[in-house]
Amino acid sequence: MLQQIAICYTRIGMIDEAAKTYRHVLQKDPVSSGAHYGLAFIMLRSETPDDAIPHLEAFLANAPRDDDAGAHVEHARWTLAKLRGEEGDTDPTTSNTQG
């Protein structure tokens, strides 16, 4: 429930409240992949985007395995590699693969 509230905060531009809410979720459930994912992408827009690295790592360590999560997992992998300087500039989740 709290994670959904954090998502809503993010969507309406209340980024500080979203971050606080994600952190609250992580206090209750330190392996919450969704909270790590949400907080990572908030941190990417901050003055210290490298702070997103441990959250991306935690998300990927406990990533959801359902088909719907595939794009999120790939985006997290690409973002983490880019932060580490290991990947090119093209995000695989935004490229057009239709023929």
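The values are calculated or read from the model by the stated rules, or taken from the named source; none is laboratory data. Just so it is clear, the structure is predicted and the values come from calculations on it, not from any experiment. Heads up, the Cβs are rebuilt from the backbone with ideal geometry, glycines too, and the neighbour counts pull from every protein chain shown. Accessible surface is based on the protein model in full, side chains and every heavy atom, while ligands, DNA and RNA are left aside. Shrake-Rupley method; radii C 1.70, N 1.55, O 1.52, S 1.80 Å.
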Query raised in the report: Top to bottom by accessible area (1.4 Å), largest first, where do SER46, SER33 land?
Result: SER46, SER33
Requested in this report: Tell me which label goes with the value of mean projected area of the Cα convex hull in nm² computed from the coordinates here: (1) 7.7; (2) 7.2; (3) 5.7.
Outcome: (2)
Query raised in the report: In whole Hz, what ³J(HN,Hα) sequence does the range 16-32 give by Karplus (6.51, -1.76, 1.60; θ = phi - 60°), x for Gly and Pro?
Result: 4, 5, 4, 4, 4, 5, 4, 5, 5, 4, 5, 5, 7, 9, x, 9, 4
Requested in this report: Calculate one ³J(HN,Hα) per residue across the range 34-47 by plugging θ = phi - 60° into the Karplus curve 6.51 cos²θ - 1.76 cosθ + 1.60, and present them in order as whole Hz with x for glycine and proline.
Outcome: x, 5, 5, 4, x, 5, 4, 6, 5, 5, 4, 8, 8, 6
Query raised in the report: What residues have an amide H closer than 5 Å to that of ALA63, excluding those fewer than 5 places away on the same chain, when H is modeled at 1.01 Å from N in the peptide plane?
Result: none
Query - Per residue accessible area of the chain, 1.4 Å probe, in Å² - result: 66
Requested in this report: Please name which of ILE53, GLY34, LEU80 has its Cα lying farthest along the dipole of the chain towards the positive end, using unit charges on Cβ (Lys, Arg +1; Asp, Glu -1) and the Cα centre as origin.
Outcome: GLY34
Report task. Scan the range 19-80 for trypsin sites (Lys or Arg not before Pro) in coil per DSSP, keeping those whose Cβ has at most 12 other Cβ atoms within 10 Å, and list them by number. Result -> ARG45, ARG65
Report summary line: In whole percent, the fraction of accessible protein surface over the range 1-86 that belongs to carbon or sulfur atoms, probe radius 1.4 Å, stands at 52
